[in-house]
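See below for the structure under consideration.
Just so it is clear, none of the values below were taken in a lab; they were calculated from the coordinates. In this text, all values refer to a predicted model and were calculated from it rather than measured experimentally. Here the Cβ positions follow ideal geometry from the backbone for every residue, glycine too, while neighbour counts run over all protein chains shown.
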Amino acid sequence: MEPFVQSDGMPMLLRLEPWCAEHKGITAGLTSRQGGAGKAPYDSLNCAFHVGDALEDVLSNRRTLAESLGFTLDAWTCGEQTHGIEIAIVREADRGRGNKDRTSAFQATDGLLTNVPGVLLTSFYADCVPLYFYDPLQGVVGLAHAGWKGTVAEIAAAIVRAMEINFGTHPSNILAAIGPSIGECCYEVDDYVMKHVHRLEDDLAKHIEVGNSTDLYKKSDVDETKTMLNLKEMNQRIMIKAGILPTHIECTTWCTSCNPHLFFSYRKENGITGRMTSWIGIKES
């Protein structure tokens, strides 16, 4: 069953339904591109400052999203993403970093973790893979942004390590989810990327039962020099290697490139587009 379920009304959101329904106080999901204030080519629910959209429209969209989730804009907390594996631990004093400008955000940060109720963690996407983490025993939530660089650098494993070190989390207690992103149907990469993939594939094979390589990639039907890569599957294998139980991982079937009416897609729109927002937070009692 698809874990990311479209909500009714506007803004149109895709909620991580199993978590939102089963865990009191948790909200998590991904925005669509519909129901915001932005104008083409950012129409309309772009929440990222860095793409060239009008500041007032981005702030309006951020405020709309936060309020629709039961938070305020003051709770919105984010990082400046660089396709790395830096993880920030968000404390009470960090609440709101990056909410109204880029300079106050956590710099060079692609992963966020917090155990503070009332903080809304956010990150931004237009084909890259949003990763979600929740430890219900320690009350810790997290997000990670995984493009191909972050994936092969194993940002999912970096998040797990940070949860262990900072919050005493045991990996077997972590719930994880892999959100809407470009699928293996559309994600064509070159040999340079595949060299990194093969190195990671070899390492994964030493630690877990990885199954067939055809689940991870296959040659392009259009260009024999290119490969169709499954980033979702790669991240799932990394999560399992890091100690997350396979039964604790939710994985979407949505492809952002196949559904441009619903999602921004960097590939489909030649790099000029907005960004969806992943979110996760613990609501205050």
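Some notes on this structure:
- Flag for Leu113 being in contact with a Gly (Cβ under 7 Å, 6 or more places away or on another chain) and not in a loop (DSSP other than H, G, I, E, B): yes
- Just one of (1) under 22 Å from Ala108 (Cβ atoms); (2) surrounded by fewer than 24 Cβ atoms within 10 Å (Cβ to Cβ); (3) among the small types (Gly, Ala, Ser) fails for Ala146. It is (2).
- Which listed residue is under 19 Å from the mean Cα position of the chain (by Cα), part of a loop (DSSP other than H, G, I, E, B) and not acidic (Asp, Glu), from Asn99, Asn61: Asn99
- If you go through region 64-84 and keep only what is under 17 Å from the mean Cα position of the chain (by Cα) and in a loop (DSSP other than H, G, I, E, B), you end up with Cys78, Glu80, Gln81, Thr82, His83, Gly84.
- Qualifying residue in region 255-267 (condition: surrounded by 15 or more Cβ atoms within 10 Å (Cβ to Cβ), of a type outside the set (A, V, I, L, M, F, W, C) and within 25 Å of Ile208 (Cβ to Cβ)): no
- Filtered by the rule that a residue be farther than 16 Å from Tyr266 by Cβ, in contact with a helix residue (DSSP H, G or I) (Cβ under 8 Å, 6 or more places away or on another chain) and not hydrophobic (A, V, I, L, M, F, W, C), region 20-37 gives Thr27, Gly29, Gly35, Gly36.
- Within the span defined as region 267-277, one or more residues are over 22 Å from Arg15 (Cβ atoms) and in contact with a strand residue (DSSP E or B) (Cβ under 9 Å, 6 or more places away or on another chain).
- Subset of region 148-180 [not in a helix (DSSP H, G or I) and not charged (D, E, K, R)]: Ala153, Gly168, Thr169, His170, Ile174, Leu175, Ala176, Ala177, Ile178, Gly179, Pro180
- Taking region 181-219 as the range and being over 21 Å from the mean Cα position of the chain (by Cα), outside any helix (DSSP H, G or I) and of a type in the set (Asp, Glu) as the test, the residues that pass are Asp190, Glu209.
- Answer residue from region 13-55, given it is in a loop (DSSP other than H, G, I, E, B) and touching a strand residue (DSSP E or B) at 6+ places or on another chain (Cβ under 6 Å) and is surrounded by the most Cβ atoms within 10 Å (Cβ to Cβ) among those: Cys47
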